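Below: one structure, written as structure tokens.
The values are calculated or read from the model by the stated rules, or taken from the named source; none is laboratory data. Keep in mind it's a predicted model, so treat the numbers as computed, not measured. Neighbour counts run over all protein chains shown; Cβ positions are idealised from the backbone, glycine included. All accessible areas refer to the heavy atoms of the entire protein, side chains included, with ligands and DNA or RNA removed. Shrake-Rupley method; radii C 1.70, N 1.55, O 1.52, S 1.80 Å.
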Amino acid sequence: MSGAVETIIRTTPVVDIHTHVFPPEFGAMCLSGIDDLLTYHYLIAETFRSTEVSHASFWKMNKAERADLVWKTLFVDNTPLSEATRGIISVLDAFGLNPRATTLAEARTFFHSRDLKKHFDWVMDAALVSTVVMTNDPFNEHEAWIWKAGTIPDQRFHASLRLDALLNHWDDAARQLAGEGLPVNAGLSGGTTKEVRRFLDNWIERMQPLYLAVSLSVDFKFPEDDITTRLLREVVLPTARDHKLALALMVGVRRGVNPALRSAGDGLGRADITALERLCAENPDVRFLATFLSRENQHELCVTARKFNNLMPFGCWWFLNNPSIVSEITRERLELLGPSFIPQHSDARVLEQLLYKWGHSRQVIADALFDSYEHLRCSGRAVTREEIVRDVTRMFSGNFEEWIGRSLV
Ligand code: FIX
Ligand code: ZN
């Protein structure tokens, strides 16, 4: 039966509900190939633990020079034991490239020789990812320009409307909106909330997002006497309600703990779960997706989901995406929630990461699910193949489709 569970998990298409991957239509935002893979921020942080090169010198290098340094430091001078480095080995293996190469010449030649469109199809098929949800920021001027030019993404890609700028940096967002001619002010007075609402309605029309999303810092509180609570109550939640869009909350980040590391410099902390409880209780007609960054928040997230059936826990986010922790969290969720959660998202930034992030996660999820079925068998009920297919399909796509109210696969 372990074979059956593994086969079903390996052959069931998955909807990747949160990534930072963009299809070729998004030009330079579409990251692919060995240099993008090696300059992933997870690997940059690890490189500084084993090199004498200073942060300042590193950031003066171009992308290829940075990739060379990462390769030499983590793969030639050291054994790639960490999850992010093992991921690179899995990707090289998928393409039959030498994992012990002393330079990147062979890998560069290989990736440059690939036709991007066909390569995209190959990776999506090999990773068995049927749908990818992007992270789309209307406050990013470059991205906004791409959408305004009428770009239509590959049909396997869907948008999620990211609200970090609005909810976490309201003063800057207000300045930007005012600069675009909208009559808004930082104090949220006059017609400001109506204008922001209109701004979101327009972007929803343009991007057709599957859900709204925001990452929230470790000290996010709700309700609070602050602008974030007002924006949530007066703009974001009514928008979610009126457009029947779920709101994804990604909680527990501490941005810029070490600014010298730039995008690799974020940390984490234990967040206050009562904020999520209050949001779910106050808005029974809004569906929430939630993931927490701290391992310490995982058990209470499961318990909160048991209390509120408008809450869907998802993924093992970022620093949690390591086999030992994915295993622990998945087992905890199965024990507390049965199949009513979304076990993983990739958070991939570079196309080929889909291969390793899903490959590695599928293995761990299969082991956890197999053990649950074994416990059940020992208690007197063996599962059938049809039941395994039903459970895996529910967790890999069905729960999300139900949440967003549409079918994707
Ligand atoms: O906020 C997010 O969506 C995070 O996932 C990213 O900001 C983070 O840098 C990341 O890529 C984690 O996997
Ligand atoms: Zn992300």
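Could you work out what % of the accessible surface of the stretch 255-409 is carbon and sulfur, using a 1.4 angstrom probe and leaving DNA, RNA and ligands out of the count? Could the numbers behind the result be given before it?
Values: 3140 of 6370 Å².
Carbon plus sulfur share of accessible area: 49 percent.
For the stretch 17-129, compute Rg over Rh where Rg is the Cα radius of gyration and Rh is the Kirkwood radius from the inverse mean 1/r over Cα pairs.
Working: Rg = 14.4 Å, Rh = 15.0 Å.
Rounded to two decimals, Rg/Rh equals 0.96.
Only Cα pairs under 8 Å and at least 6 apart count here; give the relative contact order of the stretch 318-384 as a rounded whole percent. Write out the running numbers ahead of the final one.
Values: 32 pairs, mean separation 24.6, N = 67.
In percent, rounded to a whole number, it is 37.
Using 0.36 nm per residue of separation minus the Cα-Cα distance, give me the extension gain between LEU376 and ALA260 in nm, one decimal.
Details: separation 116, 0.36 × 116 = 41.76 nm, distance 5.02 nm.
Between LEU376 and ALA260, full extension yields 36.7 nm more.
When the Cα centres of the stretch 106-124 and the stretch 230-305 are compared, how far apart do they sit, in Å?
36
What number, in percent, do you get for the relative contact order of the stretch 1-126 if the mean sequence gap of Cα pairs under 8 Å and at least 6 apart is divided by its residue count?
25
Compute the signed sum of charges (Lys and Arg +1, Asp and Glu -1) over the other residues within less than 15 Å, Cβ to Cβ, of SER50. List each step's numbers first, then the result.
Working: positive: ARG49, ARG66, LYS72; negative: GLU46, GLU52, ASP68, ASP77.
Spelling it out: positives minus negatives among the neighbours equals -1.
Give the accessible surface of the chain per residue, rounded to a whole number of Å², with probe radius 1.4 Å and ligands, DNA and RNA excluded. Walk me through the numbers on the way to the answer.
Details: 17800 Å² over 409 residues.
Value for the chain: 44 Å² per residue.
Rounded to whole Å, give me the distance from the Cα center of the stretch 14-31 to that of the stretch 338-409.
22
Once every DSSP H run of n ≥ 4 in the chain is given -39500 (n - 2.57) and the sum is divided by its residues, what mean residue ellipticity at 222 nm do you get, rounded to the nearest 500 deg cm²/dmol?
On the way: 20 runs with 198 residues, N = 409.
The helix-only estimate for the chain comes to -14000 deg cm²/dmol at 222 nm.
Kindly rank 34-44, 255-265 from highest to lowest mean number of other beta carbons found within 10 Å of each residue. Walk me through the intermediate numbers first.
Details: 34-44: 22.0, 255-265: 14.0.
Highest to lowest by the protection proxy: 34-44, 255-265.
Relative contact order of the chain, please, whole-number percent, based on alpha carbon pairs below 8 angstrom and at least 6 residues apart. Numbers along the way, then the final one.
Values: 621 pairs, mean separation 89.3, N = 409.
With pairs under 8 Å counted, the relative contact order is 22 percent.
Where does each of MET61, MET124 land when they are ordered by accessible area, with a 1.4 Å probe and the largest first?
On the way: MET61 45, MET124 5 Å².
Largest accessible area first, the list is MET61, MET124.
For the stretch 180-220, what is one quarter of the convex hull surface built on the Cα atoms, given in nm²?
On the way: hull surface 17.0 nm².
Approximately 4.2 nm², given one-decimal rounding.
Determine the distance separating the Cα centre of the stretch 133-159 from the Cα centre of the stretch 50-79; give it in Å without decimals.
32
Counting only protein heavy atoms and a 1.4 Å probe, tell me what percentage of the stretch 1-71's accessible area is made up of carbon and sulfur. Walk me through the numbers before you get to the answer.
Numbers: 1470 of 2830 Å².
Taking all protein chains in place, the stretch 1-71 shows 52 percent carbon and sulfur surface.
Regarding the stretch 198-349, what's the average projected area of the Cα-atom convex hull, expressed in nm²? Working shown, then result.
Numbers: hull surface 38.9 nm².
Projected over every direction and averaged, the Cα hull of the stretch 198-349 covers 9.7 nm².
Please list the equivalent ellipsoid semi-axes of the chain, computed as the square roots of five times the alpha-carbon gyration tensor eigenvalues, in descending order and whole angstrom.
Values: eigenvalues 211, 171, 85 Å².
Result for the chain: semi-axes of 32, 29, 21 Å.
Determine the share of the stretch 111-250's accessible area contributed by carbon and sulfur atoms, expressed in whole percent, with a 1.4 angstrom probe. If you can, show how the numbers build up before the last one.
Details: 3090 of 6380 Å².
On the stretch 111-250, the fraction of accessible area on carbon and sulfur atoms equals 48 percent.
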